[in-house]
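K.L.:
Can you keep this structure in mind? I'll have questions shortly.
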Amino acid sequence: HDLPLSIPEILKVDAVIATHLHFDHFDETAMREIPPDMPIFAQDEMDAAVLRQNGFADVRVLQYGGIDFKGVTLIKTDCIHGQPGEIGRLYEKLPIRKEACGVVMKSSAEAKTLYLAGDTVWCEYVDAAIRDHRPEVIVVNAARAAVAPFGPIIMGLEDLERVLATAPEATVIASHMDNVGHATVWRSDIREFAAQHGVTKRLLIPEDGETCCL
């Protein structure tokens with residue numbers, strides 16, 4: 001479907017974080033439209049090399065110990081982008097990498113820590129990131145995208161329930177919604193889930209192009 005904002009509007013940012021280079025996150029249009037001097041943060045040297053080969057001049061690699069950018073510390077976290085017992089077989093059949101990452105963002109100028117979980121199912125890495133960094137805001141890719149016969153490759157309703165239980169004071173934002181063909185959970189499902197579980201005030205489900213001010 002159409003973008004909710006024009007590409008020039010979308011590109012009014014200080015930097016781009018490429019948690020991984022799967023086609024639904026960084027596609028040919030992104031390669032073409034993002035200015036070559038835009039700072040881009042990659043998950044590792046392998047993805048950084050691909051970005052540099054495509055003409056990007058300011059590619060930086062995320063670190064577990066944190067990397068600073070304009071007063072914000074970006075801390076890399078791990079993901080499991082598929083079912084732990086199936087992920088190897090899944091990505092053997094696809095011409096793409098299995099690796100992806102999340103990012104914790106901290107700044108002395110902001111009262112809240114934000115955790116972008118990235119393309120992952122619920123796993124020990126997500127649990128550790130929440131417990132170690134205690135984020136006040138957690139962004140979860142929650143469409144429960146699935147690839148048959150290998151199962152879901154990102155979080156769904158059960159995973160959201162675990163996130164909410166592990167971080168009972170946090171605001172959780174459901175992202176990556178209603179925009180990929182292999183999704184199995186939709187915004188309407190999450191709205192119903194939030195109402196049933198009494199978490200409508202702390203589980204946000206933004207529309208495409210909507211800004212959440214926290």
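The values are calculated or read from the model by the stated rules, or taken from the named source; none is laboratory data. Here the structure is a predicted model, which is why all the values come from computation and not from measurement. Virtual Cβ from ideal backbone geometry, glycine too; neighbours counted across all protein chains shown.
K.L.:
With respect to residue 91, determine if the residue is hydroxyl-bearing (Ser, Thr, Tyr) and more than 20 Å from residue 16 (Cα to Cα). Quick ask: steps written out before the conclusion?
P.N.:
Details: hydroxyl-bearing (Ser, Thr, Tyr): yes; more than 20 Å from residue 16 (Cα to Cα): yes.
Spelling it out, residue 91 is indeed hydroxyl-bearing (Ser, Thr, Tyr) and more than 20 Å from residue 16 (Cα to Cα).
K.L.:
Answer with yes or no whether residue 98 is free of Cβ contacts under 8 Å to residues at least 24 places away in the same chain, crowded, with 16+ Cβ neighbours inside 10 Å and within 16 Å of the chain's Cα centre (by Cα). Outline the logic, then answer.
P.N.:
Details: free of Cβ contacts under 8 Å to residues at least 24 places away in the same chain: yes; crowded, with 16+ Cβ neighbours inside 10 Å: yes; within 16 Å of the chain's Cα centre (by Cα): yes.
Yes; evaluated as a whole, the condition is true for this residue.
K.L.:
Here is a further query. Residue under question is residue 37, and the condition is that it be assigned to a loop (DSSP other than H, G, I, E, B), acidic (Asp, Glu) and free of Cβ contacts under 8 Å to residues at least 40 places away in the same chain; does it hold? Explain how you work it out, then say what you get.
P.N.:
Working: assigned to a loop (DSSP other than H, G, I, E, B): yes; acidic (Asp, Glu): yes; free of Cβ contacts under 8 Å to residues at least 40 places away in the same chain: yes.
Against the criterion (assigned to a loop (DSSP other than H, G, I, E, B), acidic (Asp, Glu) and free of Cβ contacts under 8 Å to residues at least 40 places away in the same chain), residue 37 qualifies.
K.L.:
Return yes or no: is residue 124 surrounded by fewer than 22 Cβ atoms within 10 Å (Cβ to Cβ) and either more than 18 Å from residue 78 (Cα to Cα) or hydrophobic (A, V, I, L, M, F, W, C) (or both)?
P.N.:
Numbers: surrounded by fewer than 22 Cβ atoms within 10 Å (Cβ to Cβ): yes; either more than 18 Å from residue 78 (Cα to Cα) or hydrophobic (A, V, I, L, M, F, W, C) (or both): no.
No.
K.L.:
While we're looking at this one, here's another question. Run residue 126 past the list (1) out of contact with any Phe, Trp or Tyr (no Cβ under 9 Å at 6 or more places or on another chain); (2) under 19 Å from residue 204 (Cβ atoms) and report the number of the one that doesn't hold.
P.N.:
(1)
K.L.:
Of the numbered conditions (1) outside any strand (DSSP E or B); (2) closer than 26 Å to residue 66 by Cα; (3) of a type outside the set (Lys, Arg), residue 140 fails exactly one; give the number of that condition.
P.N.:
In the conditions (1) outside any strand (DSSP E or B); (2) closer than 26 Å to residue 66 by Cα; (3) of a type outside the set (Lys, Arg), residue 140 misses (1) alone.
K.L.:
Quick one: what pairs do we get from the stretch 152-171, first residue farther than 21 Å from residue 112 by Cα and crowded, with 19+ Cβ neighbours inside 10 Å, second at pLDDT 95 or above and of a type in the set (Ser, Thr, Tyr), C-beta under 9 Å, 6+ apart or different chains?
P.N.:
Matching pairs, first to second residue: 153/120; 154/120; 155/120; 159/120.
K.L.:
So if I check each of 91, 125, 115, which one is assigned to a helix (DSSP H, G or I), in contact (Cβ under 8 Å) with a residue 24 or more places away in the chain and among the hydroxyl-bearing types (Ser, Thr, Tyr)? Outline the logic, then answer.
P.N.:
Values: 91 fails: in contact (Cβ under 8 Å) with a residue 24 or more places away in the chain; 115 fails: assigned to a helix (DSSP H, G or I).
Answer to the selection: 125.
K.L.:
Residue 118: under 22 Å from residue 208 (Cβ atoms) and either of a type in the set (Gly, Ala, Ser) or surrounded by fewer than 18 Cβ atoms within 10 Å (Cβ to Cβ) (or both), yes or no?
P.N.:
Numbers: under 22 Å from residue 208 (Cβ atoms): yes; either of a type in the set (Gly, Ala, Ser) or surrounded by fewer than 18 Cβ atoms within 10 Å (Cβ to Cβ) (or both): yes.
Criteria met by residue 118.
K.L.:
Now a separate question. Report, by residue number, each residue of the stretch 90-108 that is among the charged types (D, E, K, R) and modelled with pLDDT of 95 or more.
P.N.:
Looking only at the stretch 90-108, we keep the residues that are among the charged types (D, E, K, R), and these are 92-93, 97-99, 106.
Selection gives 106 alone.
K.L.:
Residue pairs, Cβ under 6 Å, 6 or more apart or interchain, first in the stretch 2-15 and within 12 Å of residue 39 (Cα to Cα), second surrounded by 11 or more Cβ atoms within 10 Å (Cβ to Cβ) and not basic (Lys, Arg). List them.
P.N.:
Partner pairs satisfying both residue conditions: 15/39.
K.L.:
Counting just the residues of the stretch 39-53 that are surrounded by 16 or more Cβ atoms within 10 Å (Cβ to Cβ), out of contact with any Lys or Arg (no Cβ under 6 Å at 6 or more places or on another chain) and hydrophobic (A, V, I, L, M, F, W, C), which one comes out farthest from residue 67 (Cα to Cα)?
P.N.:
Out of the qualifying residues, it is 50.
K.L.:
Okay, next question. Inside the stretch 54-66, can you point out the residues that are buried (at least 16 other Cβ atoms within 10 Å of the Cβ) and among the aromatic types (Phe, Trp, Tyr)?
P.N.:
Listed by number, the list holds a single entry, 56.
K.L.:
For the stretch 67-85, give me the residue count where each residue is surrounded by 15 or more Cβ atoms within 10 Å (Cβ to Cβ), of a type outside the set (S, T, N, Q) and part of a loop (DSSP other than H, G, I, E, B).
P.N.:
Within the stretch 67-85, the first condition is being surrounded by 15 or more Cβ atoms within 10 Å (Cβ to Cβ), and the residues that meet it are 67, 69, 72-83.
Now drop any that are not of a type outside the set (S, T, N, Q), which leaves 67, 69, 72, 74-76, 78-82.
Then drop every residue that is not part of a loop (DSSP other than H, G, I, E, B), which leaves 79-82.
Adding up the residues that qualify gives 4.
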